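Notes follow once the structure below has been shown.
The values are calculated or read from the model by the stated rules, or taken from the named source; none is laboratory data. The shown structure was predicted, so the numbers you read here are calculated from the model rather than taken from an experiment. Glycine gets a Cβ as well: all are built from the backbone with ideal geometry, and neighbour counts include every protein chain shown. The area values use the complete protein model at the heavy-atom level, side chains included, leaving out ligands, DNA and RNA. Shrake-Rupley method; radii C 1.70, N 1.55, O 1.52, S 1.80 Å.
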Amino acid sequence: MSSVRDTRIRLLTATAAVAIAALSLTACSDGSGEHDEGSSAGGSSTGSFSGKDAKSSGAGSGQDGDAPAGKDFVAGGNGKTGTGDSRASGNKAVACKGSNTKTVAAPVNKPVNHMLLTVINTGSAPCDLYGYPAARFGEAQSVPPVYEDSKPQAVVRLAPGEPGYAAVNLSATDGSGTNGHTVKSLTVAFQDRTGEGTSWVAHPSLPAEGIYVDDSLCVTYWQQSMGDALSW
């Protein structure tokens, strides 16, 4: 009798584990149901685009600063362009925003259907990249959810000249995404230290032919390294 009860408990436990795993794949899924690190995150629901009414004081592809085209950015080594430890700098850190950074958006070959967002500190003081990019593609009135499990343990701080990264899952790899369409513009709003959206925006250029997106759109939190961003 005891062995029957133990078997039943094990079966119930296994069933619960499968159910929890299935739920964890319902948000921010890339279509394959897994990431490079073997885990899938339950992202937050899509929110409103807080920067949609922001005015840009920059010129060209700028924001309240300026953003270069993706072709102008070359990252070497581990993707770092700055030197030294930004946390050891004597300058007080400020928030990263359009006026003290430049933002580049570039599709990548791996993972497939992904794009890398690179923010470079162009100011003279360290700046903190808070939260994740509120990325508005085309005329969308909302922004993609975030992979919650991609949240770093510490705020990403950039020394002058140093880059930070976030990845965007553009569309489902298995074709299961809905409302697929091509977009030719992107607006990235930065968050403040409380995690709220701001009017600090960047307008990185996209390829002339545009990029294909669907309802599988999802972003990572800002990361210190390119490898961490692209592991999602």
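Before moving on, here are some points about what is shown:
- Spin-label pair residue 92/residue 124, simplified geometry with 7 Å Cα→Cβ offset, distance in nm: 1.6
- Segment 88-197, accessible surface, carbon-and-sulfur percent (1.4 angstrom probe): 45
- Reported value for segment 110-200: 130 Å³ per residue, from the convex hull of its C-alpha atoms.
- What the Cα convex hull of segment 159-232 gives, in volume per residue, is 132 Å³.
- The amide H of residue 161, built 1.01 Å from its N in the peptide plane, has 121, 122, 123 as neighbours under 5 Å, considering only residues 5 or more places off or on other chains.
- In sequence order, calculated HN-Hα J values of segment 211-223 (Karplus, 6.51, -1.76, 1.60; Hz; x Gly/Pro): 10, 8, 10, 9, 6, 7, 3, 7, 10, 9, 5, 4, 10
- Mean accessible surface per residue for segment 169-232, computed with a 1.4 Å probe while every protein chain stays in place, in Å²: 42
- When each of the peptides 216-222, 123-129, 100-106, 110-116 is scored by the mean number of other C-beta atoms lying within 10 Å of its residues, the order from highest to lowest reads 216-222, 100-106, 123-129, 110-116.
- Gain upon complete extension [residue 209, residue 178; 0.36 nm per residue less C-alpha separation]: 9.1 nm
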